[in-house]
Structure formats: structure tokens, C-alpha cells
1. Of the numbered conditions (1) at pLDDT below 95; (2) farther than 21 Å from Val74 by Cα; (3) of a type in the set (Gly, Ala, Ser), Gly119 fails exactly one; give the number of that condition.
2. Being in contact with a Phe, Trp or Tyr (Cβ under 7 Å, 6 or more places away or on another chain) and either at pLDDT below 95 or over 15 Å from Ala154 (Cα atoms) (or both) is the filter here; which residues of segment 199-220 pass it?
3. Mind checking which residues of segment 140-194 are surrounded by fewer than 21 Cβ atoms within 10 Å (Cβ to Cβ), under 27 Å from Ile122 (Cβ atoms) and among the β-branched types (Val, Ile, Thr)?
4. If the requirement is being of a type outside the set (Asp, Glu), within 14 Å of the chain's Cα centre (by Cα) and modelled with pLDDT under 95, which of these qualifies: Ala13, Ala22, Ala95, Ala5?
5. Which residues, taken from segment 29-72, are closer than 13 Å to Ala95 by Cβ, part of a loop (DSSP other than H, G, I, E, B) and touching a residue at least 40 places away in the same chain (Cβ under 8 Å)?
6. Return yes or no: is Pro120 of a type outside the set (S, T, N, Q), in contact with a strand residue (DSSP E or B) (Cβ under 9 Å, 6 or more places away or on another chain), under 16 Å from Ser184 (Cα atoms) and surrounded by fewer than 17 Cβ atoms within 10 Å (Cβ to Cβ)?
Amino acid sequence: MKNSALATSSVAALFCASFASAGVIVPTLQMELQQGGQTIWMIEPAGVPSDSGDNTFAYGGQWNNSDVEILYEVEASPGPASSGQRGSQLAFINASTDVTNNSMMTQHFTVIANLPVVGPIIPAVMGGSAQGGMTAGPNAPATLSSVAGSSIYAGLIDLMIASGSELFPHLTSITVMDPFESDSLGSMSFGTPIPSAPAPDVLTSIGIRFDFALDPGATATLSGVFAVNIPTPASLALFGAAGIFAARRRRA
């Protein structure tokens, strides 16, 4: 996986038009599907305010061609709606997807969900979790696996993979022996309690990337959360003792 997680180097416009019925500014989520490292689908789906409130929005949809079908649901927050809430700058993205390989050969798929944040989060902490599994089609046995040099899950900050966010690293795999049976990858997390791991400065966006190989006829079901925030005073004291943020300031 290249350092730039999205095929395009430009950042999408931060926010889309107002949600008409409530005058709410809905952030522009960008969804992308790659096959063999090439973008085959990209969309900025319409979102609506989520029942969760707190400047949280929901998105969903599906797409298919002759080789693949993707379904996705995303709930995300770009950060607090009010600049007076800077005691917390929590921004998060919670994404789930089903990807079915309708081709006759094993395919390498990459799913990316990327969301702009309200404003820079400096310094930042991060955390996330992921889980998933696979259901075989009629052509069992079937395998879901990582691809060389890449994890199945990674958190993105400003379109780049955030070091330390990778879950289900290379050589992760599950195989289902019988048609229409399922197996699970289990679950993994980092930066717990989420978010609490040192993170790069967040300037424009956060996201999630799923990257995997999938056998013919099988469906991969993956979900993950990635969250960032400013550190708590206790975290700042701990990181300061370790020299983490001091070193960052010296480099700047």
C-alpha cells in the first residue's frame, strides 16, 4: 500500500451543502473501492444527521459491477459542532462493509472511507478497533487474507496510514472449507482506552482502510472504528514525561 491511501492526491471539499430540513452542514464522506491497486469506484454519498447526535452523521449504499459487489454503512463525526467545545475535539469514523468477489479468480480489494475534520487536532491521540469474517460461496474452499506488506485494517490521518494503527497484519488469513459456511477473523484494537495512543497531528481528515485478498464467490464482512482527540491532561503529562510532544515541537 502506498503512503497515500487515496488514489487522488487532492482533498475533497471539506463540507457539502446544508442538510435542507435542519440547516445542518453534512461533512463530505468519500468512499473508494480499488481492485488490484486501481480505483474502480469512488463516490461522495449523501449523509444525514445520525440518531446518535453530537454532530454525528450516517451514510450508506451499495455498488456493483461484473467482478464485485460492495455494501457499506458509515457513522462518523468530524468533531464538535461548536468552537466553544474545544475541551474535546473527538472525531471518529465507524465503517462496515460487505464485499463479494463475483469474479472467477482471487482478487485484491481495498476499501477506503475518508472524512474531513472540523479543524486541526494538535496534539492528537488515536485509537481504533476492527473485526471481520468471511462467508464462502459455492466455490469452497475459500480464503480471506491480508496482502503482502499490508494489514487488513489501518487508520488514516490526512490520507496517510497512521503508524501504529495497523490491525490484522500480513499473514493473517482464514479459510472456509465448505460452501456457504462462515469463519471469523476475531477482533483487535489499539490505543485503548480509545483514543489514547500518540498520533500524528490531524490537519484535514481521518479515515479507515480495509485491504485484503478474497477468493471467488466469497463475501468479506469487515468493520472498524478509528477515533482521534486532543490528549487529556493526564495523557499530556505522561507523553511529556516521555518527550513525545517535545520532540515533535523540536522537529517543527
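1. Tallying (1) at pLDDT below 95; (2) farther than 21 Å from Val74 by Cα; (3) of a type in the set (Gly, Ala, Ser), Gly119 fails exactly one: (2).
2. Within segment 199-220, Leu214, Ala220 qualify.
3. Thr192, Ile194
4. Values: Ala13 fails: within 14 Å of the chain's Cα centre (by Cα); Ala22 fails: within 14 Å of the chain's Cα centre (by Cα); Ala95 fails: modelled with pLDDT under 95.
So the residue among Ala13, Ala22, Ala95, Ala5 that is of a type outside the set (Asp, Glu), within 14 Å of the chain's Cα centre (by Cα) and modelled with pLDDT under 95 is Ala5.
5. Leu29 - this is the single residue of segment 29-72 that is closer than 13 Å to Ala95 by Cβ, part of a loop (DSSP other than H, G, I, E, B) and touching a residue at least 40 places away in the same chain (Cβ under 8 Å).
6. On the way: of a type outside the set (S, T, N, Q): yes; in contact with a strand residue (DSSP E or B) (Cβ under 9 Å, 6 or more places away or on another chain): yes; under 16 Å from Ser184 (Cα atoms): no; surrounded by fewer than 17 Cβ atoms within 10 Å (Cβ to Cβ): yes.
Answer is no for this residue.
Here is a yes/no grid of residues against (1) over 30 Å from Ser103 (Cα atoms); (2) in contact (Cβ under 8 Å) with a residue 60 or more places away in the chain:
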site: Leu171; (1), (2): no, no
site: Gly191; (1), (2): yes, yes
site: Asp201; (1), (2): yes, yes
site: Thr219; (1), (2): no, yes
site: Leu222; (1), (2): no, yes
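The values are calculated or read from the model by the stated rules, or taken from the named source; none is laboratory data. No experiment lies behind these values; they were computed from the predicted model shown. Neighbour counts are summed over all protein chains in view; Cβ atoms, including those assigned to glycine, are modelled from backbone coordinates with ideal geometry.
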